[in-house]
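The values are calculated or read from the model by the stated rules, or taken from the named source; none is laboratory data. Nothing here was measured: the structure is a model prediction, and the numbers come from that model. Using ideal geometry, Cβ is built from the backbone for each residue, glycine included, and neighbour counts are taken over all protein chains shown. Note: accessible area is taken over every heavy atom of the protein model, side chains too, but ligands, DNA and RNA are not part of it. Shrake-Rupley method; radii C 1.70, N 1.55, O 1.52, S 1.80 Å.
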Amino acid sequence: MIKKIIEIVEKIDTSQVFSELSDAQSGGICVFVGTVREFTQGEQVVSLEFETYEKMALKEMDKIATTAVTKWNLNKVIIRHAIGLKNVAEPVVIVGASSGHRDACFEACRFLIDTLKETVPIWKKERFENKSVWVSAHP
Amino acid sequence: MEILLFGIAKDIVGQAQLRFSATEETPTSVGALKTMIGEKYPEFTKLSSLAIAVNSEYAEDDVSLNRNDEIAIIPPVSGG
């Protein structure tokens, strides 16, 4: 049975993910956790604020997970993103996959996060000491 | 017709939704909507990209718009 977990949450608990992806048919689990970095191009970030068009974001996340399951024959997959205000070093996104052999889950994991960044309607505002900026809004 | 706004689109317009009253002329396609908002709010033309979602799916410029559709402006996304 393939299990997909697709969620938008207030806070990410990274300690859950092993049990969520653990699977008798899998020989490996690969997980990527995105976190808040303190410096962007030399400027100190105070916090990040995420917002989403939730209905559409969940649909897009589900499409990414479904594509990955088919392409890499995954047993379990997770895409979970946090919204709201996040402080330096906090987790903001977690993606992961379990599969029979490790190559599949490594490749799938990279695809999950790279595609999420391209297509999922979630927006991040970087708050600095004296200004705040919507990331990637302008060329 | 109501158009949902997110991220920088909300800041550009100054509110979370763009409303067209029943008597106002509404855009009939995704392309027409993009042109209209670019003329009304030139800041939209300075963005890295601008997408429109119709009923929570990305929509190409030739997709037509109906008053009952859920329409959203999708400025450059930056999740992760």
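Observations
- Residue order by solvent-accessible surface for A:LEU85, A:LEU58 is A:LEU85, A:LEU58, largest first, with ligands and nucleic acids left out and a 1.4 Å probe.
- Of the residues B:ALA22, B:ALA53, B:ALA32, the one that moves most in a GNM of chain B with alpha-carbon contacts below 10 Å is B:ALA22.
- Taken about its Cα centre, chain A carries a charge dipole of about 260 debye when Lys and Arg each add +1 at the Cβ and Asp and Glu each add -1 at the Cβ.
- Since only A:ASN130, A:SER22, A:HIS81 are under comparison, the one whose Cα sits farthest along the positive direction of the charge dipole of the protein assembly as shown, derived from C-beta charges on Lys, Arg, Asp and Glu, is A:SER22.
- Sites A:ALA24 and A:ARG110, calculated FRET efficiency, Cβ-Cβ separation with R0 35 Å, nearest 0.05: 0.90
- Computed per residue of chain A from DSSP H runs no shorter than four, each worth -39500 (n - 2.57), the mean residue ellipticity at 222 nm is -9500 deg cm²/dmol.
- Mean partner shielding of peptide A:48-55, defined as the number of other chain Cβ atoms within 10 Å of each residue Cβ, is 4.
- For chain B, the longest principal axis of the Cα atoms and the long axis of helix B:30-40 meet at an angle of about 70 degrees.
- Rounded to the nearest 20 debye, the dipole size of chain B about its Cα centre is 260 debye, using +1 on the Cβ of Lys and Arg and -1 on the Cβ of Asp and Glu.
- For the protein assembly as shown: rounded, prolate or oblate by the Cα gyration tensor [a/c cutoff 1.5]: oblate
- Neighbouring Cβ atoms from other chains, within 10 Å of the Cβ of residues in B:5-15, number 4 on average.
- Local net charge near A:ILE29, Cβ-Cβ under 11 Å (Lys/Arg +1, Asp/Glu -1): 0
- If you take all other residues with their beta carbon under 14 Å from the beta carbon of A:VAL77, and give Lys and Arg +1 and Asp and Glu -1, the sum is +2.
- The protein assembly as shown, accessible area per residue, ligands and nucleic acids excluded (1.4 Å, Å²): 51 Å²
- Cross-link partners for B:LYS10 among the lysines, with Cα-Cα distance under 28 Å and sequence neighbours closer than 8 places in the same chain left out: A:LYS11, A:LYS55, A:LYS59, A:LYS63, A:LYS86, A:LYS117, A:LYS124, A:LYS125, A:LYS131, B:LYS34, B:LYS40, B:LYS46.
- Applying a 4.7 Å cutoff between beta carbons, chain A contains no unpaired cysteines.
- Per the accessible-area calculation with a 1.4 Å probe, the total area buried between chain B and chain A rounds to 2200 Å².
- In the protein assembly as shown, taking the dipole from charged Cβ atoms about the Cα centre, the farthest positive-side position among A:SER47, A:PRO139, B:THR23 is held by A:SER47.
- Of all accessible heavy-atom area on the protein assembly as shown, the percent that carbon and sulfur account for (1.4 Å): 49 percent
- With the simple spin-label model, which puts each label point 7 Å out from Cα in the Cβ direction, the A:ASP103 to B:THR45 separation comes to 5.1 nm.
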